[in-house]
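A.B. asks: The structure's right below; bear with me while I get my questions together.
Just so it is clear, none of the values below were taken in a lab; they were calculated from the coordinates. As the structure is a computational prediction, the values presented were derived from the model and not from experiment. Here Cβ is always computed from backbone atoms with ideal geometry, including for glycine, and neighbour counts include all displayed protein chains.
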Amino acid sequence: MKRKLLAVLLTCCMTAGMLAGCGGSSKEAGSAQPEQEGAGASAQAGTEAAAESTGENITIEFFNQKQEEAAQQAYRNAAEEFHKEYPNITVEINTVPDSDKVLTARMAAGDVPVVFHGKPTSQAFFESAEAGYCMDLTDQPFIEKAIPSLLEAVKSEDGKVYAMPYSQNFMGVFYNMDIFEEQNLDIPETWDEFMELCGKLKDAGIQPLEESYKDTGMAGHYRGGAMAALFPDGALWLAECAQDPEKKPSDNPDYRTFAEKAIQIMDYCNEDVFGIPQTQAMENFANGKAAMMIYGSYGRGTFLVANPDLNLGVFPIPGLTKDSGLVYAGVDACFCVSGKATPEEQDAGLKWIEFLSRPENAQKWSDTEGAPSAIDGVQYGSEGSLPMLNRIKEGKVREWKAYYDSRFSDTEAFQGLLMDRDVDKFLKNADEVWANAHVSG
């Protein structure tokens with residue numbers, strides 16, 4: 001079970017874990033009281049009920065795996081409001097570097113946080129949940145507040161819900177709308193137009209792209225977004241290769257094309273792309289040192305924290321043709337309650353999730369954190385976000401999830417590709433990873 005759990009959690013924590021190192025370890029605590037019958041109807045009713053209750057004090061841990069400062073601030077803000085309504089429950093928000101590794105080790109040892117982020121996009125997650133590590137949330141009223149399509153996306157084969165979807169993610173090109181207007185630039189619709197736009201910016205003395213690929217995880221995020229745009233069936237092809245030892249990634253010529261195109265951005269990135277910390281790159285872009293940054297939706301809040309006056313837009317990473325590319329997108333933050341916690345801890349954890357899931361609270365969280373909400377009725381972004389939101393609404397999406405076992409991964413090889421721009425070497429390395437994974441499996 002421990003071996004399986006390690007694989008499970010590496011998948012469950014994939015998105016947040018790739019951001020490890022973006023923020024320091026922190027713990028935030030506050031108090032709140034168990035909810036009385038009907039207390040969830042409104043904040044005022046909850047406060048009155050809490051004041052009348054004589055419930056015992058209880059402390060629960062919320063293991064937050066979203067490292068960006070904006071996300072941490074959003075949870076701190078929510079916790080402050082939660083504490084006003086439930087003054088006898090202490091929610092300890094725990095945010096640590098290398099969160100995926102930390103959570104993996106803790107859960108393998110049976111030390112499961114009461115509430116934690118899960119990633120219900122693989123069979124491994126559901127195997128873990130069915131083994132008792134996640135509480136069944138199917139009958140909780142708050143799950144009805146999720147956008148129906150996203151709720152369906154996190155259900156197990158038998159229709160159970162073990163994780164409450166809370167936010168969505170996507171990889172896109174964030175851009176400074178003021179720079180685009182000053183330079184009379186249009187949003188590119190194909191990859192060649194994107195590269196042409198980068199050239200125009202460079203010729204005008206403007207840094208086209210600010211990126212940080214110092215960490216393998218962030219290189220992997222770009223890889224996922226670029227593959228969805230340039231090789232839309234790439235994830236499915238690699239999954240085939242993971243199933244069939246006779247197939248290898250380089251057999252498909254579109255995999256080479258993806259690699260050849262993806263490295264073209266390196267001509268337009270900051271020179272310290274492999275040395276600058278991710279947070280510094282984000283701050284540089286936000287403060288006008290570059291026109292664009294390829295990043296996930298989770299970065300929007302941090303950009304606006306760094307520069308509240310930033311006129312920010314985001315468009316899809318362009319495909320080879322106008323209509324061929326897909327957006328790498330899906331469910332991001334999901335809340336799980338430990339199946340190993342005491343009934344009292346589980347009850348408090350459910351109250352915390354119910355509070356976060358109220359549309360008015362989810363709106364505040366989304367506005368601060370920057371990611372689109374998974375709660376129905378919550379609005380996102382500004383007019384500058386419409387190119388991305390419209391593409392997602394059209395269903396032109398490659399779901400952000402694990403399509404194959406984590407032993408099959410070309411992420412490190414892709415980071416090497418960005419460094420040396422040697423496509424043949426990248427293809428050879430990827431083939432070797434798949435071959436070795438088949439042997440070890």
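A.B. asks: Here are a few candidate values for semi-axes √(5λ) of the Cα gyration tensor in Å: (i) 76, 27, 21; (ii) 46, 22, 21; (iii) 37, 26, 18. Which one was actually calculated from the structure I just gave you?
C.D. replies: Derived directly from the coordinates: (iii).
A.B. asks: Once you list every other residue whose beta carbon is under 12 Å from the beta carbon of SER149, what net charge do they have if Lys and Arg are +1 and Asp and Glu are -1?
C.D. replies: In short, -1.
A.B. asks: Tell me, how many Å apart are the Cα centres for the range 406-435 and for the range 84-143?
C.D. replies: 33
A.B. asks: Between ASP178 and ASP267, take the C-beta separation as r, use R0 = 30 Å, and let me know the FRET efficiency to the nearest 0.05.
C.D. replies: FRET efficiency, ASP178 to ASP267: 0.80.
A.B. asks: Express in nm, to one decimal, how much length is gained between THR138 and LYS393 on full extension, taking 0.36 nm for each residue of separation and deducting their alpha carbon distance.
C.D. replies: 89.2 nm
A.B. asks: Another question, if that's okay. What is the packing order of peptides 180-186, 108-114, taking the mean over residues of other C-beta atoms within 10 Å and listing the highest first?
C.D. replies: Result, highest mean first: 108-114, 180-186.
A.B. asks: Between ARG256 and MET419, what is the spin-label point distance in nm, taking each point 7 Å from the Cα along the Cα→C-beta axis?
C.D. replies: 2.5
A.B. asks: Given Cα pairs under 8 Å that are at least 6 residues apart, what percent is the relative contact order of the range 133-177?
C.D. replies: 40
A.B. asks: Compute the distribution of all C-alpha to C-alpha distances in the range 275-338, in bins of 10 Å from 0, and list the percent of pairs in each, rounded to whole numbers.
C.D. replies: Binned Cα distances yield the sequence 17, 40, 30, 12, 1.
A.B. asks: Same structure again: To the nearest 500 deg cm²/dmol, what mean residue ellipticity at 222 nm is calculated for the chain from DSSP H runs of n ≥ 4 alone, each contributing -39,500 (n - 2.57), summed and divided by the residues?
C.D. replies: Only helices count here, giving -13000 deg cm²/dmol.
A.B. asks: Follow-up question, since we're still on this one. Taking a virtual spin label 7 Å from the Cα of ASN287 along the C-beta vector, which residues in the range 184-225 bring their backbone nitrogen under 20 Å of it?
C.D. replies: 206-214
A.B. asks: Work out how much length GLU56 to VAL439 would gain on full extension: take 0.36 nm times their residue separation and subtract the Cα-Cα distance, in nm to one decimal.
C.D. replies: Answer, rounded to one decimal: 132.4 nm.
A.B. asks: Return the distance in nm (one decimal) between the two label points of a simple spin-label model at LYS84 and GLU152, each offset 7 Å from Cα along Cα→Cβ.
C.D. replies: Once both label points are built, they end up 3.8 nm from each other.
A.B. asks: At ASN77 and GLN363, where each label point lies 7 Å from the Cα along Cα→Cβ, what is the point-to-point distance in nanometres?
C.D. replies: For ASN77 paired with GLN363, the spin-label model returns 1.3 nm.
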